[in-house]
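Please read the structure below before turning to the comments.
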Amino acid sequence: MSLLKENLSGKVSKSMWSLWIILIGLFGITGLVDHYFFSIPSIGVTLQLAAPLGLLAAGQTICMLTGGIDLSIAMIATGAAYIVSVKSQDGLTSAIIFAFLYCIVVGSINGLAVGLLGMNPLIMTLGMNAILIGVFTVGVSTFLKGNTTMPDILVKLSSGTLAGPFSWPLLVWAIIGGAVLFLLSRTGLGRLIYAVGDNAQSARLAGVKVWRVQWATYVLCAILGGMGGMMLGGQSGAVAISLANSYMLPSVAAVVIGGTSIMGGLGGYTGSIMGALILTVLSYLLAALNSTEAIKQVIYGSIVLALAWIYVKISEKS
């Protein structure tokens, strides 16, 4: 057992060193293309932009550790931001409560469908994404009609600076990210998430209520996605139906870049944080090279496909 732990620890260390090398390499290349990137304000903006992606990646990490995925996370994020912006005129507290209730309901539907009904996570969440697009497309002109400007306090928490490269969104990300790391490494639910992802059937035979774990993961994913959406809305100042559309693929790519297996049971949020930072710097580099959003999405999709193929090949050999 101790030898196994040493081997796993060695692999994790090598993986993290590789991610650091990639990040530093991208940082250097980006700085050569755009010298302003090396400045403190630019680094601060980069970290600020990485925060909402880091929150969405946190939700995807929890799902993928159980062998699942949430392709509705972009619309969950958009919906939460939209609810807060429209309902905040009746009070910010009630608006945030409504937004979290929305996340819990959508996450519960996804989790129960996957856990109890045995639906494929990919199909279920993709279908949910389509349903949410329809609901909010109708809602913006009916029951969600109203002011789409985000409250000032959320704008400040999403884009306000503290000192140097440090900002409010970075602080919020650090607090929430620390809670996710604690959940996965120090709690019973965290251990069950890894157990279900490693072998759901064995976990079920050991007495684990697998469906409850899966339900909890999708609810947590939706809540984290909602937080990321509110931060995106705050950084934009106002919301639209397409607010988080471009973040769906990056949220998955950040997780797989960070070393979390799409098969479940292996990985963690530390790698996803590195993945979010790498993708944010890559996005800055592509913007400096005048690349379009379409090219960015092609690159993100290629990263996901390549790493998925690698994970499949590794699982076949093991």
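Brief remarks on what is shown
- Hey, Ala254 in contact (Cβ under 8 Å) with a residue 60 or more places away in the chain, part of a helix (DSSP H, G or I) and either under 30 Å from Leu101 (Cβ atoms) or of a type in the set (Asp, Glu) (or both) or not: yes
- No other residue among Gly177, Gly226, Gly233 is modelled with pLDDT of 95 or more, within 23 Å of Ser72 (Cβ to Cβ), in contact with a Cys (Cβ under 6 Å, 6 or more places away or on another chain) and part of a helix (DSSP H, G or I) apart from Gly226.
- Scanning the stretch 135-145 turns up at least one residue that is under 19 Å from Leu243 (Cβ atoms) and charged (D, E, K, R).
- In the stretch 148-187, the residues that are exposed (fewer than 12 other Cβ atoms within 10 Å of the Cβ) and either within 20 Å of Ala95 (Cα to Cα) or of a type in the set (Ser, Thr, Tyr) (or both): Thr187
- Condition broken by Ile299, with the remaining ones in (1) in contact (Cβ under 8 Å) with a residue 24 or more places away in the chain; (2) part of a helix (DSSP H, G or I); (3) over 30 Å from Thr93 (Cβ atoms); (4) of a type outside the set (Lys, Arg) satisfied: (1)
- Some residue of the stretch 192-202 being closer than 18 Å to Val255 by Cβ and among the charged types (D, E, K, R): yes
- Failed condition for Leu286, given (1) touching a helix residue (DSSP H, G or I) at 6+ places or on another chain (Cβ under 6 Å); (2) buried (at least 19 other Cβ atoms within 10 Å of the Cβ); (3) at negative phi; (4) not acidic (Asp, Glu): (2)
- Elements of type helices (runs of 4 or more DSSP H) contained in the stretch 17-121, each with 1 or more residues being modelled with pLDDT of 90 or more and farther than 20 Å from Trp173 by Cβ: 73-87, 92-115
- Every residue from the stretch 187-210 that is under 13 Å from Gly264 (Cα atoms), touching a residue at least 12 places away in the same chain (Cβ under 8 Å) and in a helix (DSSP H, G or I): Leu192, Ile193, Tyr194, Ala195, Val196, Gly197, Asp198, Ala200
- Residue that is farthest from Gly228 (Cα to Cα) [pool: residues in the stretch 85-127 that are under 17 Å from the mean Cα position of the chain (by Cα) and crowded, with 19+ Cβ neighbours inside 10 Å]: Pro121
- Filter result for Leu266 (of a type outside the set (Asp, Glu) and under 20 Å from Glu293 (Cα atoms)): no
- Count of the stretch 159-171 residues which are closer than 18 Å to Ala99 by Cβ and either at pLDDT below 95 or of a type in the set (Lys, Arg) (or both): 0
- Qualifying positions in the stretch 30-61 - surrounded by fewer than 24 Cβ atoms within 10 Å (Cβ to Cβ) and over 14 Å from Ser283 (Cα atoms): Leu32, His35, Tyr36, Phe38, Ser39, Ile40, Pro41, Gly44
The values are calculated or read from the model by the stated rules, or taken from the named source; none is laboratory data. Please read these numbers as outputs of a predicted model, since none were measured by experiment. Quick reminder, even Gly has a Cβ in these numbers, built from the backbone with ideal geometry, and neighbours come from all protein chains shown.
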